[in-house]
Amino acid sequence: MFSLGSSHSYYLYTEPTDMRKSFDSLSGLVRSQMDKDPFSGSVYVFINKQRNRIKLLHWEGGGFTLYYKRLEKGQFELPDQRPGKHAQVNWSDLILIVEGIRLKSVRRSVRFSFKK
């Protein structure tokens with residue numbers, strides 16, 4: 001319960017989102033605009049036009065969980081936009097976005113990983 005991590009897939013909806021939307025209307029956006037299944041276990045990320053509010057929608061354990069953060073100062077930085085209504089982001093980039101770290105200024109060291 002209430003668990004997110006690197007094992008999940010994350011999809012950022014690239015259009016500004018009305019933050020009055022809740023479980024049903026956000027899951028409708030996932031289906032109609034992102035062409036994804038909201039019940040898949042993936043996490044769907046929504047940011048408002050002012051980029052000071054973020055919501056994460058996640059299906060887990062028989063129900064939706066909605067995470068919501070409002071910044072009192074500053075904005076969430078979005079990754080470079082690709083054509084389309086959504087972009088896949090990884091866990092580490094999502095953490096950087098939520099923590100207010102500029103994605104363009106991050107330099108990552110090389111790490112070993114098994115090829116899948």
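It is to be established whether one or more residues within the stretch 64-74 are buried (at least 18 other Cβ atoms within 10 Å of the Cβ) and farther than 13 Å from Thr17 by Cα.
The initial filter retains those residues of the stretch 64-74 that are buried (at least 18 other Cβ atoms within 10 Å of the Cβ), namely none.
For the stretch 64-74, residues buried (at least 18 other Cβ atoms within 10 Å of the Cβ) and farther than 13 Å from Thr17 by Cα: absent.
If a residue must be without any contact (Cβ under 8 Å) to a residue 24 or more places away in the chain and either within 21 Å of Glu60 (Cβ to Cβ) or touching a helix residue (DSSP H, G or I) at 6+ places or on another chain (Cβ under 7 Å) (or both), how many such residues does the stretch 17-32 contain?
Just the residues of the stretch 17-32 that are without any contact (Cβ under 8 Å) to a residue 24 or more places away in the chain, to begin with: 20, 24-25, 28-29, 31-32.
So of that shortlist, the ones also either within 21 Å of Glu60 (Cβ to Cβ) or touching a helix residue (DSSP H, G or I) at 6+ places or on another chain (Cβ under 7 Å) (or both) come out as 24-25, 28-29, 31.
Within the stretch 17-32, residues that are without any contact (Cβ under 8 Å) to a residue 24 or more places away in the chain and either within 21 Å of Glu60 (Cβ to Cβ) or touching a helix residue (DSSP H, G or I) at 6+ places or on another chain (Cβ under 7 Å) (or both) number 5.
Summed over the stretch 23-69, the residues that are within 23 Å of Glu99 (Cα to Cα) and polar (S, T, N, Q) give a count of 5. With respect to Arg31, determine if the residue is at pLDDT 95 or above, surrounded by fewer than 19 Cβ atoms within 10 Å (Cβ to Cβ), among the basic types (Lys, Arg) and touching a Ser or Thr at 6+ places or on another chain (Cβ under 9 Å). Against the criterion (at pLDDT 95 or above, surrounded by fewer than 19 Cβ atoms within 10 Å (Cβ to Cβ), among the basic types (Lys, Arg) and touching a Ser or Thr at 6+ places or on another chain (Cβ under 9 Å)), Arg31 does not qualify.
The values are calculated or read from the model by the stated rules, or taken from the named source; none is laboratory data. Small disclaimer: the values here were computed from a predicted structure and weren't measured. Methodologically, a virtual Cβ is constructed for each residue, glycine included, from the backbone with ideal geometry; neighbour enumeration extends over all protein chains shown.
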